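Structure first, then comments.
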Amino acid sequence: MMSHRSQIIELIDQGAIPRENIEKALMTTRVVPDSTAWRIFIDNLLLWLGGLSLASSIVFFFAYNWYDMGRFAKFAIIELLIVLTVVAYWKLGSQTVSGKMSLLVSTILLGVLLALYGQTYQTGADTWELFFYWALLMLPWAFVGRFPAIWIVWVSLINLSIIQYYQTFRGAFRMLYSSDTELLWLLFLFNTLAMLAWEYLAKTRAWLAERWAIRLLALGSGISITWLILVAIFVPGGSGNSVLAVLVWLMWVAALALSYRKIWPDLFMLAGVCLSVSVVILSFLARHMIKDWSAGSFLLLAALIIGLGTAASVWLKKVHKEMHV
């Protein structure tokens, strides 16, 4: 099915809509937002920016006044703010933008409370514990709120805790892989499973049907597996098992290209696949074909970049046209 925008543009190209009525048609079908839509957008944008700024200001408030406040005053203030934001969420409602913002601020303040506790009693020797327990304790907020942004915060905290853990203990299977490679594998596995679970649950839970959230998870998955391929290319033996990395990357590319062209059409995902393929091809050619980094070598790389970018853009334009026919 063609979108409203594509239908209107096609009618305009065919001359079916008189020139003097084009603006009215665009406004009526909401292809071009009217003044009311702009006001709603600006109002929501300012609300989100204000809420995030408020949460950030609380962090800086404690940092600046750390030596001027007693420990009980610090805990009383942050706990009172958490209670107030939870009450605000309850009063404003779970479906309002202001209510969702209140819950998100409350989730951030929970992390501030944990950081305050660790700094006051010196329990935060291992940084990964802060992010892990923050993610663990915020689960009630995430389940009650049913808000994609909070779940993205949860996924981000798990990623941070994994990274911090491996930087501290250098991995759990260091005899088989280097800790950096093991970290990339674990990040890839976690983000890929999170993306698949999100896509599956979005079929039955409308509040999860936010493409931006799934795209962020795809970025986490794609960056990890592409990085593993780059390690396999530029660091001989550095990936632990280069053949496995290549096979997994090929399956990842094929799965995303098939899924997001035929099952869940998504041009952003396909663009990400094209970017990953281009980066891997260019890196492989640069590693094995260019021996001396002369002016001719850089010219060859520039030509390859232009060629791959052009091929990807032509294919994406073709796919975009197929999606709207």
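Remarks
- Per-region count, segment 211-237, residues modelled with pLDDT under 85 and either surrounded by 17 or more Cβ atoms within 10 Å (Cβ to Cβ) or in a helix (DSSP H, G or I) (or both): 1
- Residues in segment 67-80 that are free of Cβ contacts under 8 Å to residues at least 24 places away in the same chain and over 25 Å from M101 (Cα atoms): Y67, D68, M69, G70, F72, A73.
- Scanning segment 114-128 for residues that are in a helix (DSSP H, G or I) and in contact with a Leu (Cβ under 9 Å, 6 or more places away or on another chain), we see that the one that is nearest to S56 (Cα to Cα) is A115.
- The single condition among (1) surrounded by fewer than 18 Cβ atoms within 10 Å (Cβ to Cβ); (2) more than 23 Å from I214 (Cα to Cα) that L136 does not satisfy is (2).
- Checked against the criterion of being under 23 Å from W151 (Cβ atoms), surrounded by 16 or more Cβ atoms within 10 Å (Cβ to Cβ) and out of contact with any Leu (no Cβ under 8 Å at 6 or more places or on another chain), the candidates L110, L103 yield just one match: L103.
- Check on L316, at pLDDT 90 or above and in contact with a Lys or Arg (Cβ under 8 Å, 6 or more places away or on another chain): no
The values are calculated or read from the model by the stated rules, or taken from the named source; none is laboratory data. Fair warning: this is a prediction, and the values are worked out from it, not measured in the lab. Glycine also receives a Cβ, built like all others from the backbone with ideal geometry; neighbour counts cover every protein chain displayed.
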